[in-house]
Amino acid sequence: MTRDDIKALLTTMPFVRDLGVDVLDIHKNGLICYMPFAEKLIGNVVLPAIHGGAISTFLESSSVATANWSASDFGLTDIALPVSVSLEYLRSAKPQDLYARTEVVKQGRRLVQVICHCYQDDPEKPVTIMHASFIMTKSQGA
Amino acid sequence: MAFPFDIKEPLDEAVDMGWTPFGRHIGLKVYGFSDDEIYTGLAWREELIGNPQNMSVHGGVITALIDQSFGAAVIRKLQEHIAIATIELRLDYMRPAKPYQDIYCRATCYHTTRQIAFLRGSVFQDDPEKPIASGVATFMINANRSAPPIDANREALMKRGGQS
């Protein structure tokens, strides 16, 4: 899958499109993804900080894209189905754009496991880390 | 939308969890309470779909629902307007959410210490016995100085023993 293929996949997902999640780059084991800041993403109006659910939406979208990118070499073409996600919220996310660096930890025959580091100004200071596992399938006749 | 089982302390009318713009964006509502549990949900909408192949709502919507419900359950349990923050959250997806059906959540704050709250919850559609997802989380209590402003909706959440 090329970057354009991954972008095309993300735009088929209404809620991902709504939040403007994009793929910036492909590296050896994963992707660099991006979500632009918008007021609707706020979860704490006092700080202010982005909602944990908005961050997890971004990271799950990035992880799905990563799983499909990784599994495409194995002919597993259906959209990755999440099994479990685990989130560590390390710092509050400022009202700024978000980036995610994803990494395929394991590509199996049916399962793909991905780690995602979400950051803002400094990749060394992640705001959230997500671990996600996905089941990969191929439609009959696809 | 009607919560799919009887609630001990129902609210007269579901209350918008609009104290977060993201909660407002996806349409989170509180239906009522029972002791340390809070009952919440959101209406199905096409714009919330994450997987166009099975038409299921994006997992992030479910995470946002359970995360904010957990936060509300902590505030409800402590009966105090304090700043809280999610430390860790783990979510298992048992089955994809069915399209055209509203989504509900039952969240329990089952233990608190001075600094930490412990939560568990499940997310379901028509049948509470068949959850689509289940989750656990820990929250930091008094995380910072950002206790949210008290609005009428948040006030409703604080009242023990139903509505006044």
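With the structure loaded, tell me whether B:D67 is among the charged types (D, E, K, R) and farther than 27 Å from A:I42 by Cβ or whether it fails that test. Criteria not met by B:D67. Checking each residue in the stretch A:29-57 for being assigned to a loop (DSSP other than H, G, I, E, B), more than 28 Å from B:P99 (Cβ to Cβ) and at pLDDT 95 or above picks out A:N29, A:G30, A:F37.
If B:E47 meets every condition in (1) farther than 27 Å from A:A38 by Cβ; (2) without any contact (Cβ under 8 Å) to a residue 12 or more places away in the chain apart from one, which number is that one? Only one criterion in (1) farther than 27 Å from A:A38 by Cβ; (2) without any contact (Cβ under 8 Å) to a residue 12 or more places away in the chain is unmet by B:E47, namely (1). Here A:T2, A:T66, A:T12, A:T77 are screened, and the one residue that is of a type in the set (V, I, T) and under 15 Å from B:V57 (Cα atoms) is A:T12. Here B:Q53, B:Q79, B:Q68 are screened, and the one residue that is within 23 Å of B:T138 (Cβ to Cβ), surrounded by fewer than 23 Cβ atoms within 10 Å (Cβ to Cβ) and of a type outside the set (D, E, K, R) is B:Q79. Among the residues that make up the stretch B:25-38, is at least one of them facing another protein chain (nearest Cβ under 9 Å), in a helix (DSSP H, G or I), over 14 Å from the mean Cα position of the chain (by Cα) and surrounded by fewer than 24 Cβ atoms within 10 Å (Cβ to Cβ)? Yes; the residues of the stretch B:25-38 include at least one that is facing another protein chain (nearest Cβ under 9 Å), in a helix (DSSP H, G or I), over 14 Å from the mean Cα position of the chain (by Cα) and surrounded by fewer than 24 Cβ atoms within 10 Å (Cβ to Cβ).
If I ask for residues that are part of a helix (DSSP H, G or I) and more than 7 Å from chain B (Cβ to nearest Cβ), which ones from the stretch A:10-28 would you list? Before the answer, list the steps.
Of the stretch A:10-28, the ones part of a helix (DSSP H, G or I) are A:10-11, A:14-19.
A:L10, A:T11, A:R17, A:L19, listed by residue number.
From the residues in the stretch A:72-103 that are under 17 Å from A:H27 (Cβ atoms) and more than 14 Å from the chain's Cα centre (by Cα), which one is modelled with the lowest pLDDT? Walk me through how you get there before you give the answer.
Going residue by residue through the stretch A:72-103, those that are under 17 Å from A:H27 (Cβ atoms) are A:72-73, A:99-103.
From the residues that got through so far, the ones that are more than 14 Å from the chain's Cα centre (by Cα) too are A:72-73.
On the way: A:S72: 92, A:D73: 88.
The qualifying residue modelled with the lowest pLDDT is A:D73.
Among the residues of the stretch B:102-120, just one is crowded, with 16+ Cβ neighbours inside 10 Å and outside any strand (DSSP E or B), namely B:D102.
Taking the stretch B:76-94 as the range and being at the interface with chain A (Cβ under 7 Å from one of its Cβ atoms) and among the acidic types (D, E) as the test, the residues that pass are B:E88, B:D92. On the stretch given as the stretch B:41-75, residues that are more than 9 Å from chain A (Cβ to nearest Cβ), assigned to a strand (DSSP E or B) and touching a Leu at 6+ places or on another chain (Cβ under 6 Å) total 1.
B:E13 meets each of the listed conditions (1) part of a helix (DSSP H, G or I); (2) surrounded by fewer than 19 Cβ atoms within 10 Å (Cβ to Cβ) apart from (1). With respect to the conditions (1) surrounded by 24 or more Cβ atoms within 10 Å (Cβ to Cβ); (2) closer than 14 Å to B:N51 by Cα, A:L59 lacks only one, and its number is (2).
The values are calculated or read from the model by the stated rules, or taken from the named source; none is laboratory data. Predicted model only: the values in this text are computed from it and were never measured. When we count neighbours, we look across all protein chains shown, and the Cβ atoms used for this are built from the backbone with ideal geometry, even at glycine.
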